[in-house]
Amino acid sequence: MRFWLSWPQPRLRRSAPMPDTHDPFAAALRMQGEVMRAAMAAFAGPSSAGAGSAAADDDDGDSDGEPEDRDAIAQWGRTAQELRAMWLDFVEERLSGRPDPANPLDPAAWMQMAGQWPVPPQADPAAIERMMDDGLALWRAMAGAMLGETAEGGDGPPETALPRTDRRFADPAWREHPAFALLHQTYLMLADYLVSAANEVEGVPAERREQLAFATRALLDAMSPDNFVATNPVVLKRTVETSGRNLVKGMGHLIADLRRGQLTHTDPAAFTLGENIAATPGKVVHETPLYQLIQYDPATKDVLAVPLVIFPPWINRFYILDLSPKKSFIKWAVDQGLTVFVVSWKSADATMKDVAWDDYIRAQAEAIDHVRARLEVSAVHAIGYCVAGTTLAATLAILARRGQADKVASATFFTAQVDFEKAGELRGFIDGGQLEIIGRLAPEGYLDGRYMAATFNALRGRDLIWNYVVNNYLLGEDYPAFDLLHWNGDVTNLPARWHGDYLRDLYRDNKLVIPDALAADGTPIDLTRIAVPAFIQAGREDHIAPAESVWRATRHFRGETTFVLAGSGHIAGVVNPPAANKYQYWTGDSRASSLDAFIEGATEHPGSWWPHWLDWLKGHGDAQVPATGKRKPGGRGDRTIEDAPGRYVRMR
């Protein structure tokens, strides 16, 4: 007999409760609990068998059981005591110490924000009836699979026999016992129904519907049976095999994260700035209270005459473009013969409470002027990534209004939005009530970067939250050494004034695309004045700056635009070195009427778009000069401040 048939079979009540028509979330929990009664018997089975053996042994006069059984029981006791002691010590520590006022893992802060999200609507009776029919069909199908088909050469129903698949439940353990198979299939069925109901709700504005859909997906991800010890057969198996040591190790991970107020994704000791990450050689050549300007050492005898200035987003650290040497865009650009400057923004503190968008625009213009003066050139190439790209557009518009557009020879935008009408899921965090709550999270004039990290993680909670809850808290696995995840967790604080204005004026009110609706540094902003050649890159799967939103910049700039759609998302779509030979990109008619029209006529190219961008850049000036004098920072007579990556990137 196959293994899965040897497990205790579920005895579901003949009159199992049907989904509650008023509270489908509660129905999901009840149905999960119903199908788990028998599953627990699978793990109680050995204990029951042991009890039976003990009874038999009593008849033989041995009431103490086998030594192995006594050792196992003692080990479980030690594990339970250790878990209890770890948690009580942590609770005592929190009660006796000063609580962190800006801890994003504080449930109260998230409950405040979640309270502003829309509640699920009353479901359509016809939809409820369809769900009930689907539920009955699922139970019949699962019963047929359990009693009939089994996986070829294996245990449990074959994966192809299951109505729904999901990589969270890919492990064979989810099919080896019928209760777990029924559990996760019921969950997936209910999740499909609830997400569809949220997407199809009528009588509410489109933005509110998007918020409802996001809140529904977030709650369903949290409710997934793989997130709990008792309903995850993989975790139960690991717990039995290790006598609970996985839970002890996971408790250590959990307590460490609660202390730092942030979810850990990677081994924190695996990377050191300036050694194996952010290690491209260079010097800090200029510094203000807001940023440091880094110039990198040339790697070629001659370099392009027009230097490159990169403005990374200040909501993250600049070294997303200088990860390990094989992934570093900065190193690659230097190796191609470019003189590269990068701005390293300072993480906000209480002294920056009055910093506004005007300050970042002035900083970009000042950095451009400093590079021009330092190298005695008339113009620079500029790159703006994400929010710094949005700001670069405003800077270019202001320079154009002032008659100084020729200071920039070309502008490149990495996943940067200027038109926020289609800005995606982040818009779910910016209605009036949530903006008020966000404002209260910054009592000292700056928003703790851990809130931004938690927000971005929530956009992809399944991958960036719950995956790590299962692997590191429940399974007790070690953290990997991954440079991208290390950067993702290296958060920066944001000036509260800038952050509030940005969310209100751009995300909520979309004022940047309205000529002269906004002004900075005393100059009105009109994007239609931008005539600088622009290279606009978007990520096909970007959930932070959706491709449709990025594409819209082609509607607002007056000059030549070249649009490139890269494979992958907000980070991997940008950080895709040629040597990796990954993903692809599409080129086409940048004057197309829509993104869909662009895609329809686009040509797909394998690998990285970086060489394509370099060819475009050289098309706007390929003259070269020797890499001498101040092209080599820190040379004779050149006073610099410190070695790259500088101090600001290390400030928390």
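The values are calculated or read from the model by the stated rules, or taken from the named source; none is laboratory data. Keep in mind the model is a prediction, meaning the values are calculated, not measured. Every residue, glycine as well, gets a Cβ built from its backbone with ideal geometry; the counts of neighbours run over all protein chains shown. When the accessible area is computed, the model is the full protein with side chains, heavy atoms only, and any ligands, DNA or RNA have been set aside. Shrake-Rupley method; radii C 1.70, N 1.55, O 1.52, S 1.80 Å.
Some points to look at:
- Positive-end residue, region 250-328 charge dipole about Cα centroid, Cβ charges, pick of 258, 319, 293: 258
- Residue by residue, region 559-572 carries 3J(HN,Hα) couplings of x, 5, 10, 10, 9, 10, 9, 9, x, 6, x, 5, 9, 5 Hz when phi is fed to the Karplus relation 6.51 cos²θ - 1.76 cosθ + 1.60 (θ = phi - 60°); x denotes Gly or Pro.
- With the convex hull of its Cα atoms as the shape, region 356-510 has an orientation-averaged projected area of 11.9 nm².
- Dipole axis of region 333-449 (+1 Lys, Arg; -1 Asp, Glu on Cβ), positive-most option in 398, 361, 423: 398
- Close amide-amide hydrogen proximity is noted between residue 482 and 267, each under 5 Å apart and 5 or more residues distant or on a separate chain (H modeled in the peptide plane; Pro and chain starts excluded).
- Taking all protein chains into account, the per residue accessible area for region 424-544 stands at 36 Å² (1.4 Å probe).
- Using a cut-off of 27 Å between Cα atoms, the listed pairs 327/422; 301/327; 326/422; 327/407; 283/353; 283/582 include 327/422; 326/422; 327/407; 283/353; 283/582 as exceeding that distance.
- Residues whose placed amide H lies under 5 Å from that of residue 446, excluding near-sequence neighbours: 496
- Rolling a 1.4 Å probe over the heavy atoms of the protein chains gives region 572-652 an accessible area of 58 Å² per residue.
- Selection from 586, 625, 564, by position along the positive dipole direction of region 529-652 (Cβ): 625
- Share of carbon and sulfur in the accessible heavy-atom surface of region 245-367 [1.4 Å probe, %]: 55 percent
- Amide H contacts under 5 Å for residue 383: 309, 310, 311, 412, restricted to partners 5 or more places along the chain or on a different chain, H placed in the peptide plane at 1.01 Å from N.
- Restricting region 459-521 to chymotrypsin sites (Phe, Trp or Tyr not before Pro) that sit in a DSSP loop and have at most 10 other Cβ atoms within 10 Å of their own Cβ leaves nothing.
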